[in-house]
Every structure is written in C-alpha cells, then in structure tokens.
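**Student:** Okay, handing you the structure first.
Readers should treat all values here as calculations from the given coordinates under stated rules, not as data from a laboratory. All values derive from a computational prediction rather than experimental measurement. As a convention, Cβ positions derive from the backbone with ideal geometry for all residues, glycine included, and neighbour counts pool all protein chains shown.
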Amino acid sequence: MFVNIFSKNYNIIFDLRVMQNRKILIIYNSGYGTTREIAERIYNILSVEPRFNIHLKKINDDIEINNYDGIIIGSSVRADQLLANTRDFLSLYKEKMLSKKIALFIVSLKANSSSGQKEVREKFINKLSSQFPSLKFMSITAFGGKIDMKKLNPVMQNLIKHVFVDANIQSFGSVDSRDWDKISKWAFELKKNWCINKVIFLIIQIFLLAF
Ligand SMILES: Cc1cc2nc3c(=O)[nH]c(=O)nc-3n(C[C@H](O)[C@H](O)[C@H](O)COP(=O)(O)O)c2cc1C
C-alpha cells in the first residue's frame, strides 16, 4: 500500500512540493563585489530545474527570516574576521535561525589553496561556535577571494600587504583566487542535501498518512 501510494505520487510530489515549496534565502555581504558574484553563481545553480523558491538579498536589505526554510550566508573577511555586518546579522537573527537550515560560505584571500581553505574553514568553525554557540550550521566552507588593486586606495593597498604574505601569494598585485568548480560543487551538494532531507520528510508524512 505504502509503495503504491509513494510510487503514484512520487513525481508530482518531487516536482511540485519538494523543490518549489522550499524557500531559500541567499544573503551576501560584499565589500568589492567578490562575494556577490559567488552568491549569484550559487543562486543560478539553485534556480535551475529542479529548482527552489529562492531569493537573493544583500545583508542590509529588508529580510523576513521567518519566511525561509533555509538560509545561505556569504561573507568576505577583513582582518581575519567576518565583515562586521555579518556578525551583527548572526547576532540579531540567531534566535530566529534556530529552526532553519543554515549554510555559510566565507570568502578570504587566505583560502586560495586547499590547505588555506581548510585552515580558514576550521578557524571560523571555532570562532563561530564560541561567538554563536546556539547556531548549528549544516555546512561551512571557505572560498578563495579576489583583490582588484584599482578598487583599493593606497591606504587599503598597504593594509593588505600582510594578507598576501600570510596567503603565500608571492607577487603583490591584483589576484583572483576563486575556484568556480569548487563553488559550483558546494552549491550542488547543498541542493542535493536539501532535496534528500525534504524527500525523507515527505516519505515519513506519506507513511503516517498510509497507516
Ligand atoms: C582591507 C582588506 C583586508 C583584508 N583582510 C583579509 C584577511 O585578514 N584575511 C583574508 O584572508 N583576506 C583578507 N582580505 C581579502 C578579502 O577577503 C578578499 O579580497 C575578498 O575577495 C573580498 O570580497 P568582497 O569584495 O566580497 O568584500 C582583505 C581585503 C581587504 C580589502
């Protein structure tokens, strides 16, 4: 009986409910546009069929967190910290996000290699668990960043010299260390996990209805 009900309705349920009822917010905080471009790539991946009901917003936009099932937060790093608005956002919404699936991507020049990515990721997992112990992230990752020297004034250029040294980048100048394959892979993984979670939830619902 269960198998019949499930197989008859599987396609309809999967297409109509699993994806489109799933409201996802991608929210980004970006100084010079690097993180915004990554957020847009993730948005595009989650927007193709089978797609979610997905919104892309800047961190300062009006946001009604309660409207969403899942939240993807993207932020770049300054002086080894998430941008201040990102920390304010986590602080402001930490209670409202308790029941949500949250994923975080961090954009940082030091995440310009696999080892750098691992290091940045681990450092921020530790920081976040001490700053926001109640928040449970389903995924935290770090992506390499970008520096466009033309966009930085001389003071800023001077400030970031040590970041180049820490990131083991030999020549001081414009650099783009974003790995678009890694970014796409992470977005596809999130999509897969959200689908599986929702399908399991629906199977339980159908099971309860059937018996
Ligand atoms: C003033 C300044 C400070 C930065 N500090 C760090 C840092 O401490 N660690 C790091 O890995 N990257 C650092 N970066 C690199 C940025 O995280 C990187 O350029 C990122 O791509 C910027 O993204 P956005 O344009 O979305 O803000 C710094 C960049 C600037 C301009």
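**Student:** Considering the stretch 79-128, what Rg and Dmax in Å follow from its alpha-carbon atoms?
**Tutor:** 12.2, 34
**Student:** Next question, about the same structure. When DSSP beta bridges are limited to those with both residues in the chain, what percentage is antiparallel, rounded to the nearest 5? Intermediate values should be presented prior to the final figure.
**Tutor:** Working: 4 of 30 bridges.
The antiparallel fraction comes to roughly 15 percent.
**Student:** Which one, 184, 171, 31, is farthest towards the positive end of the dipole of the stretch 2-210 when Lys and Arg carry +1 and Asp and Glu -1 on their Cβ?
**Tutor:** In the stretch 2-210, that residue is 184.
**Student:** Okay, moving on. Let me have the 222 nm mean residue ellipticity of the chain computed from DSSP H runs of 4+ only, each contributing -39500 (n - 2.57), with the sum over all residues rounded to the nearest 500.
**Tutor:** -14500 deg cm²/dmol
**Student:** Right, here's the next one. Determine ³J(HN,Hα), in whole Hz, for all residues of the stretch 86-100 in sequence, where each value follows from phi through the Karplus function 6.51 cos²θ - 1.76 cosθ + 1.60 and θ = phi - 60°; x replaces Gly and Pro.
**Tutor:** Using θ = phi - 60°, the values come out as 5, 5, 4, 4, 5, 5, 5, 9, 4, 5, 5, 8, 4, 8, 9 Hz.
**Student:** Non-local amide H neighbours of residue 140 (under 5 Å, H modeled in plane, Pro and chain starts lacking H): which ones?
**Tutor:** So residue 140 has HN proximity to 104.
**Student:** Determine ³J(HN,Hα), in whole Hz, for all residues of the stretch 102-116 in sequence, where each value follows from phi through the Karplus function 6.51 cos²θ - 1.76 cosθ + 1.60 and θ = phi - 60°; x replaces Gly and Pro.
**Tutor:** 10, 10, 10, 10, 10, 10, 8, 4, 6, 8, 8, 9, 4, 5, x
**Student:** For the stretch 32-48, in order, what is each residue's ³J(HN,Hα) by Karplus, 6.51 cos²θ - 1.76 cosθ + 1.60 with θ = phi - 60°, in whole Hz (x at glycine and Pro)?
**Tutor:** Per-residue couplings from phi come out as 10, x, 5, 5, 4, 5, 5, 4, 5, 5, 5, 4, 4, 5, 7, 8, 7 Hz.
**Student:** Could you put 30, 177 in order, starting from the residue whose Cβ has the fewest other Cβ atoms within 10 Å?
**Tutor:** Sorted ascending by nearby Cβ count, the order is 30, 177.
**Student:** May I pose another question? Can you give the FRET efficiency to the nearest 0.05 for residue 155 and residue 58, using r as the Cβ-Cβ distance and R₀ = 35 Å? Don't jump to the answer; show the numbers that get you there.
**Tutor:** Numbers: r = 25 Å, r/R0 = 0.72.
The formula returns an efficiency of 0.90 here.
**Student:** Right, another one. Note down the relative contact order for the stretch 2-210 as a percent, whole number, built from C-alpha pairs under 8 angstrom at least six residues apart. Intermediate values should be presented prior to the final figure.
**Tutor:** Details: 288 pairs, mean separation 44.8, N = 209.
So the answer I get is 21 percent.
**Student:** Can you return the aspartates and glutamates within cross-link range of residue 127? Criterion is Cα-Cα under 14 Å, with same-chain partners fewer than 8 residues away left out.
**Tutor:** 80, 119
**Student:** Mean projection of the alpha-carbon convex hull of the chain over all orientations, in nm²?
**Tutor:** Averaged projected area of the chain's Cα convex hull equals 13.1 nm².
**Student:** Cα-Cα over 31 Å: which of 101/151; 100/150; 96/191?
**Tutor:** Values: 101/151 35 Å; 100/150 39 Å; 96/191 22 Å.
Exceeds cut-off: 101/151; 100/150.
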